[in-house]
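K.L.:
For reference, the structure I am asking about is given below.
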Amino acid sequence: MSVSIDLSSTSALIFGVANHRSIAWSIAKCLHDAGAHLTITYQNERLKRSVYDLTKDLDNIAITECDVTDEAALSKAFSIASSMSTLSTVIHSVAFAQREELEGNFSLTTPEGFRLALEISAYSLIPIARLAGKHMTQGGSVITMTFHASEKVYPGYNVMGVAKAALENEVIQLASEYGERNIRFNAISAGPLNTLAARGIHGYAKMEQIHAARAPLRRNISQDEVASTALFLASNLSSGITGATIPVDAGYNIMGV
């Protein structure tokens, strides 16, 4: 049986595109290929040119500045996405921690570093959920990005592991709350990928090597594999799935040693 995913009558709002290596960018391209109208946000002026260059040859696309800690900017982004077509997909691919918090011992985490990492990487999904409840009038799918460090210790990941654990708990809380509106919340737990954020993690290269050596598939994953999973979660093929964290890590998460 052949299955085709057609999102041409829908709109997708995507947070987290920084450059061509961003997971959010791979997802954006995948959703666009399926016909979705895209609204892509960029965090600030520093990233504006990169996002415009990436999207210059795409049609059915809007671009807007949005810092996820600014609820007015979030509201504007949702309004733009809703005006393009029926909003059915939101991608939350946002994470940040100060570089010094990703080095040394976890017990040296500062109050400010902890607050900032949790606010941007985890809390930001909550106001996005509130706005999704307002704008996704026909239901839809909200997808966020997590990592295995929510469950296991990855030296150097430090406070971001706490943030990802919080994010995954938010997914099940929000899935329960918004299920009656037919809005689904799920997370993709991706293996190591060479993104701008990953480069800030002390020991990232070793992490990538270990995953490739120990994962059942004996390799690392690609951005496209994460994007394909996001496309599935954005489509009606996943209509019965909510509150899930889906690993896309070549099977690394199942291994004990």
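The values are calculated or read from the model by the stated rules, or taken from the named source; none is laboratory data. Predicted, not measured: the structure shown is a model, and the values here were computed from it. Because the Cβ atoms are built from the backbone with ideal geometry, glycine has one as well, and the counts that use them run over all protein chains shown. These accessible areas exclude ligands, DNA and RNA; they are computed on the full protein's heavy atoms, side chains included. Shrake-Rupley method; radii C 1.70, N 1.55, O 1.52, S 1.80 Å.
K.L.:
Where the second residue is of a type in the set (Val, Ile, Thr) and the first is under 13 Å from Met160 (Cα atoms) and lies in the stretch 100-111, which pairs have Cβ atoms under 8 Å and are six or more apart or on separate chains?
P.N.:
That search, which allows pairs on different chains as well, returns Glu101/Thr109; Glu101/Thr110; Glu101/Val159; Leu102/Val159; Leu102/Ile201; Phe106/Val159; Thr109/Val159.
K.L.:
Would you call Thr64 of a type in the set (Val, Ile, Thr), buried (at least 18 other Cβ atoms within 10 Å of the Cβ) and closer than 20 Å to Ile143 by Cβ?
P.N.:
Answer is no for this residue.
K.L.:
If you take the residues in the stretch 203-232 that are assigned to a loop (DSSP other than H, G, I, E, B) and open to solvent by 30 Å² or more (accessible area, probe 1.4 Å), which one is farthest from Gly256 (Cα to Cα)?
P.N.:
Once the filter is applied, the top-ranked residue is Ser222.
K.L.:
So how many residues does the stretch 19-54 have that are part of a loop (DSSP other than H, G, I, E, B) and either in contact (Cβ under 8 Å) with a residue 60 or more places away in the chain or at positive phi (or both)?
P.N.:
6
K.L.:
Let me ask something else. From Leu38, Leu7, grab the single residue that is under 18 Å from the mean Cα position of the chain (by Cα), among the aliphatic types (A, V, I, L, M) and closer than 18 Å to Val142 by Cα.
P.N.:
Leu38
K.L.:
Moving to a separate point now. Residue check: is Leu58 open to solvent by less than 70 Å² (accessible area, probe 1.4 Å) and part of a loop (DSSP other than H, G, I, E, B)?
P.N.:
Yes, satisfied.
K.L.:
Moving on to the next point. Out of the residues in the stretch 113-151 meeting the condition of being outside any helix (DSSP H, G or I) and more than 15 Å from the chain's Cα centre (by Cα), tell me which one is surrounded by the most Cβ atoms within 10 Å (Cβ to Cβ).
P.N.:
Met136
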